[in-house]
1. Between Lys95, Lys21, Lys37, Lys91, which is among the basic types (Lys, Arg) and under 18 Å from Tyr365 (Cβ atoms)?
2. Filter segment 423-434 down to the residues that are surrounded by fewer than 19 Cβ atoms within 10 Å (Cβ to Cβ), assigned to a loop (DSSP other than H, G, I, E, B) and out of contact with any helix residue (DSSP H, G or I) (no Cβ under 8 Å at 6 or more places or on another chain) and list them by number.
3. Would you be able to say whether some residue in segment 199-206 is assigned to a strand (DSSP E or B), closer than 27 Å to Thr392 by Cα and not assigned by TED's automatic domain parsing to the domain that holds Met94?
4. Considering (1) over 18 Å from Val41 (Cα atoms); (2) assigned to a strand (DSSP E or B); (3) within 16 Å of ligand 1 (Cβ to nearest atom), say which one Leu98 fails and leave the rest.
5. How many residues does segment 460-489 hold that are under 18 Å from Val554 (Cβ atoms), in contact with a helix residue (DSSP H, G or I) (Cβ under 8 Å, 6 or more places away or on another chain) and assigned to a loop (DSSP other than H, G, I, E, B)?
6. Would you pick out the residues in segment 192-226 that are crowded, with 16+ Cβ neighbours inside 10 Å, modelled with pLDDT of 95 or more and farther than 23 Å from Pro110 by Cβ?
7. Quick check: anything in segment 105-124 assigned to a strand (DSSP E or B) and either crowded, with 23+ Cβ neighbours inside 10 Å or of a type in the set (A, V, I, L, M, F, W, C) (or both)?
8. How many residues are outside any strand (DSSP E or B) and either at positive phi or under 24 Å from the mean Cα position of the chain (by Cα) (or both) if we restrict to segment 490-511?
Amino acid sequence: EQKREWWKGAVIYQIYPRSFKDSNGDGIGDLPGLTSKLDYVQSLGVDAIWLNPIFASPNDDNGYDISDYRDIMNEFGTMEDFDRLLRNIHKRGMKLILDLVVNHTSDEHPWFIAARSSRENPYYEFYHWWPAEKGTPPVRKSYFDEDGTAWKYNEATDSYYLHYFSRKQPDINWENPQVRTEVFDMMKFWFEKGIDGFRMDSIPLISKDISFPEINLAKYPDVFSYYAHGPHLHDYLHEMNREVLSKYDAMSVGEGSEIKPEEASLFVSPNRQELDMLYGFGPSAIRNETKPDGKDTGIEYSLIALKRMFSDWNKGAGDGWPAIYLGNHDQARLLSRFGKDTGEYREVSSKMLATFLLTMRGTAYWFAGDEIGMDNIKFENISDYKDVDTITNYKRILNEGGDTDAYLEKQKLIARDNARTPFQWDDSPNAGFTTGTPWIKVNPNYKTVNVTAEEQNPDSILNYFKKVIKFRKENEAFVYGDYLLLDAQNPRIYAYQRTWKGERFIVTLNFSPHMAKMDFIADMKNCKAIFCNYNDESKRVKNGTLLLRPFEAVIWK
Ligand code: TEU
Ligand code: CA
């Protein structure tokens, strides 16, 4: 049986601080703004807040490029503002998780400024270099670079530094024990302040084969092995656990970039003493890369693959604990990707997705704004985008003579900025986010999609979200119960059973915009429908077959 840590039954509410609430009219969300909205966060019934990076940064990648790990980003406020925020979160019985970004720093971090000055500088060894006398560096691609390459030439040292992300995000060298000591001391600094855990950015990338061999897919078929998941990854995580995490009441969740479900328990099995949870890139891979299961499902990806993916991660966690999510700041909005963001099924599909995320086995990660049904803004012009990902890749495609129109069309569906538009508080100008000019455009649907309007409507997405959270809290089976996938091959319905201490629940979710059916499993006849995302009853069972309306979610007991 699972040990009962607070985070297992928790709903973790992820806030992108830049877009949550601006307190001083400069158009940028900040810590005082966030503090002023804690009553709202608490009213949702969530247990913890995960904040995207709030540390000093030149903001090439909105805080994922840190120039001082022990200071607050100027635009977000001061250390006093942080202390006040933390106190107010704790006062409300909630927890605070910060983002740990230690695969790379900003190129404006003092370590890198020193490192790039000369090969003799002691900080040179804090980063990864390819000396120019060895010739052209081996192919390594960057996620965010207009030239595509992850090596950038540095004149003063006559060598290339490695940057998997933008050229303003040089990768740090974890092989160097001094680097690890610095990182661990920095983590302690924040735990001493009283934070409750870390979400660890790009964590499988911290260890890499630093001989940087030429990529040879015949040798390792998985290209990711040339980039990350290096020989010392688990040693470093274990060391971090021993030196830091184990000394505090600390929760940890890793961003499991490119990690396969069957590798998950290597990170999260309690006896390995590494991390508490890990989440993979599955949801975006399914949505963007899988083909629909057949014609007429109305689903643009494979629901069968999605079900398999979640089931594999559940199993892959082994005696550790799964993390459940469908969207975050790196992906387009949940409703636009897995539901319908226009038309008659907007609300019901949004409610169905909430039912899913909150009845699965594992800690639920919820991205702020999804609870009111915020959706993709679908920018038309490159000039509307602020994200280094979209902008650098646009330039790269332009340089390569590629099809920028097709690229922009695709960005409407997948761009990260879709999830980063300002939070919609009310129908006043700029959705009540700022009195100034917002750093990124507000979604024009804020006139109807906003907190104030939804608080007043008992049938709103927001009120449904609160209801499911309450339901989850009242029924332990949804936290600790076993998970069993039912009717795995059904192309429209995701159905599963949760059993716990003699109690049994069955969750049936129609992910399609059409009616869907499922054979009633033998003893389901005795089950009663106890929870539903439609208000009115329907005739659900016909000759032993269950019928679900478009995007209908029903929980049975
Ligand atoms: O993301 C890691 C990551 O691999 C991303 O590049 C992801 O594939 C990309 O967003 C898809 O477009 C983390 C953070 O979550 C992300 O916001 C940062 O930009 C990135 O690390 C660098 O720190
Ligand atoms: Ca501000």
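The values are calculated or read from the model by the stated rules, or taken from the named source; none is laboratory data. Keep in mind it's a predicted model, so treat the numbers as computed, not measured. Don't worry about glycine lacking a Cβ; one is built from the backbone with ideal geometry, like all the others, and counts go over all protein chains shown. Remember, those area values only see protein heavy atoms, side chains included, never the ligands or the DNA or RNA. Shrake-Rupley method; radii C 1.70, N 1.55, O 1.52, S 1.80 Å.
1. Unique residue meeting the criteria: Lys95.
2. Result: Ser428, single match.
3. no
4. Result: Leu98 fails condition (1) only.
5. 0
6. Ile195, Asp196, Gly197, Arg199, Ile203, Pro204, Ser207, Lys208, Phe212, listed by residue number.
7. Looking for residues that are assigned to a strand (DSSP E or B) and either crowded, with 23+ Cβ neighbours inside 10 Å or of a type in the set (A, V, I, L, M, F, W, C) (or both), one finds none in segment 105-124, hence no.
8. 3
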